[in-house]
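Peer 1: Quick one: this structure, given as structure tokens, is what I'll be asking you about.
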Amino acid sequence: MKKYFELRCTAYIKEDIPFRESFGLIAKYVSFAMAQHEALKDLHEKNAFKYYSFGSFYPPEKQKVYQKGNIYRFTLRTLDENFANILVEELHKNINNPHFLVIEVQKRVQKQFFISELYSATPVVVSVEKGLHWTVQSDGDILKLQKQFHDNLEKKYQNFYGEKLQPLQNFIQLLEIKNQKPQIIEIVKEGKKIKFFGNKFRIIPHEDEVSQKLAFTALGAGLGEKNSFGGGFCVAKANKAMQGVLR
């Protein structure tokens with residue numbers, strides 16, 4: 001049975017952080033920690049699937065600004081146990097970061113469970129053509145979106161596990177868009193602000209084995225693109241009565 005590995009990180013905020021900027025700052029912190037270890041340095045620099053995703057700071061603030069001097073938490077998940085074990089050590093180190101400091105990391109292992117509903121906690125980013133991201137306003141083709149979700153997860157699964165899947169259908173049974181306007185993830189690269197436009201979704205996956213494997217992959221490695229920048233971090237609702245169908 002497949003697993004994902006969850007790191008629950010407690011962070012001390014050194015200066016006020018606007019919500020929109022939090023994704024880029026957490027991404028940089030994680031990337032810096034990866035770069036300190038030889039085994040993760042190559043992965044950090046590769047243009048390839050990273051097999052991890054993370055959410056923003058919690059609890060949320062009404063003014064959408066994380067306050068200086070406060071303690072917040074964020075969660076990172078990965079399919080790769082070795083990656084998780086190394087990050088536990090590297091994130092604990094006293095990284096000289098002006099924005100925040102990770103002061104505690106707790107690791108949790110989650111075996112695959114039957115997923116009845118999947119929710120994106122952070123914006124899900126999907127490219128439709130160079131420089132453009134899928135939104136209702138820019139594209140609106142739901143079937144294309146579902147295909148890209150499925151194909152992306154299938155590639156992540158097969159590349160990571162080296163196991164060929166034989167899907168009978170798209171893993172999505174029902175898809176609901178939860179936002180009216182596009183959601184934004186903002187990062188700074190080489191001094192320039194870059195914005196990724198995404199959406200929040202509620203997904204009911206099909207009940208067959210392949211669909212459940214892909215839904216679980218979305219929990220461990222993220223849904224859609226830009227997962228290492230905070231895109232597509234998901235939470236799920238379990239159905240314990242159906243747990244016996246998983247192998």
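The values are calculated or read from the model by the stated rules, or taken from the named source; none is laboratory data. All values reported here derive from a predicted model rather than from experimental measurement. Note: ideal-geometry Cβ built from the backbone for every residue, glycine included; neighbour counts use all protein chains shown.
Peer 1: Run down GLN180, GLN146, GLN169 and say which single residue is exposed (fewer than 14 other Cβ atoms within 10 Å of the Cβ) and out of contact with any Asp or Glu (no Cβ under 9 Å at 6 or more places or on another chain).
Peer 2: Numbers: GLN146 fails: exposed (fewer than 14 other Cβ atoms within 10 Å of the Cβ); GLN169 fails: out of contact with any Asp or Glu (no Cβ under 9 Å at 6 or more places or on another chain).
It is GLN180.
Peer 1: Now, a different point. Looking at LEU214, LEU219, which one is assigned to a helix (DSSP H, G or I), in contact with a Pro (Cβ under 9 Å, 6 or more places away or on another chain), within 17 Å of LEU175 (Cβ to Cβ) and modelled with pLDDT of 95 or more? I'd like the intermediate steps shown before the answer.
Peer 2: Numbers: LEU219 fails: in contact with a Pro (Cβ under 9 Å, 6 or more places away or on another chain).
The match here is LEU214.
Peer 1: From (1) more than 30 Å from GLU21 (Cβ to Cβ); (2) surrounded by 14 or more Cβ atoms within 10 Å (Cβ to Cβ), pick out the condition that doesn't hold for ASN199.
Peer 2: All conditions pass for ASN199, except number (1).
Peer 1: Does region 155-171 contain at least one residue that is small (Gly, Ala, Ser), in a loop (DSSP other than H, G, I, E, B) and at pLDDT 90 or above? Walk me through how you get there before you give the answer.
Peer 2: Step one: filter region 155-171 for residues small (Gly, Ala, Ser), giving 162.
Next cut, in a loop (DSSP other than H, G, I, E, B) only: 162.
Then drop every residue that is not at pLDDT 90 or above, which leaves 162.
Yes - at least one qualifying residue is present in region 155-171.
Peer 1: Right, something else. Taking interchain pairs and intrachain pairs at least six residues apart, which have beta carbon atoms under 7 angstrom, with the first residue in region 171-200 and farther than 15 Å from ILE26 by Cα and the second of a type in the set (A, V, I, L, M) and in a loop (DSSP other than H, G, I, E, B)?
Peer 2: ILE177/VAL136
For (1) in the same structural domain as PHE196 (by TED's automatic domain parsing); (2) closer than 30 Å to ILE71 by Cα, each residue gets a yes or a no:
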| site | (1), (2) |
| --- | --- |
| ILE95 | no, yes |
| LEU101 | no, yes |
| GLU104 | no, yes |
| SER120 | yes, yes |
| VAL124 | yes, yes |
| VAL128 | yes, no |
| HIS133 | yes, no |
| SER138 | yes, no |
| ASP141 | yes, no |
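Peer 1: From (1) touching a residue at least 12 places away in the same chain (Cβ under 8 Å); (2) closer than 24 Å to ARG20 by Cβ, pick out the condition that doesn't hold for ILE204.
Peer 2: Going through the list (1) touching a residue at least 12 places away in the same chain (Cβ under 8 Å); (2) closer than 24 Å to ARG20 by Cβ, ILE204 breaks only (2).
Peer 1: Look at region 86-100 and say how many of its residues are buried (at least 17 other Cβ atoms within 10 Å of the Cβ) and in contact with a strand residue (DSSP E or B) (Cβ under 8 Å, 6 or more places away or on another chain).
Peer 2: Start the filter on region 86-100 by keeping residues that are buried (at least 17 other Cβ atoms within 10 Å of the Cβ), which leaves 86-87, 90-91, 99-100.
Filter once more, so that each one left must be in contact with a strand residue (DSSP E or B) (Cβ under 8 Å, 6 or more places away or on another chain): 87, 91, 99-100.
Number of matching residues: 4.
Peer 1: Scan region 133-153 and report the pairs whose first residue is of a type outside the set (Val, Ile, Thr) and whose second residue is assigned to a helix (DSSP H, G or I), with Cβ atoms within less than 6 Å and a gap of 6+ or a chain change.
Peer 2: TRP134/LEU145; LEU153/LEU214; LEU153/THR217; LEU153/ALA218
Peer 1: Being assigned to a strand (DSSP E or B), touching a residue at least 40 places away in the same chain (Cβ under 8 Å), out of contact with any Leu (no Cβ under 8 Å at 6 or more places or on another chain) and surrounded by 22 or more Cβ atoms within 10 Å (Cβ to Cβ) narrows it down to one of PHE74, PHE23, PHE5, so name that one. Step through it out loud before you land on a result.
Peer 2: Numbers: PHE23 fails: assigned to a strand (DSSP E or B); PHE5 fails: out of contact with any Leu (no Cβ under 8 Å at 6 or more places or on another chain).
Testing whether each residue is assigned to a strand (DSSP E or B), touching a residue at least 40 places away in the same chain (Cβ under 8 Å), out of contact with any Leu (no Cβ under 8 Å at 6 or more places or on another chain) and surrounded by 22 or more Cβ atoms within 10 Å (Cβ to Cβ) leaves just PHE74.
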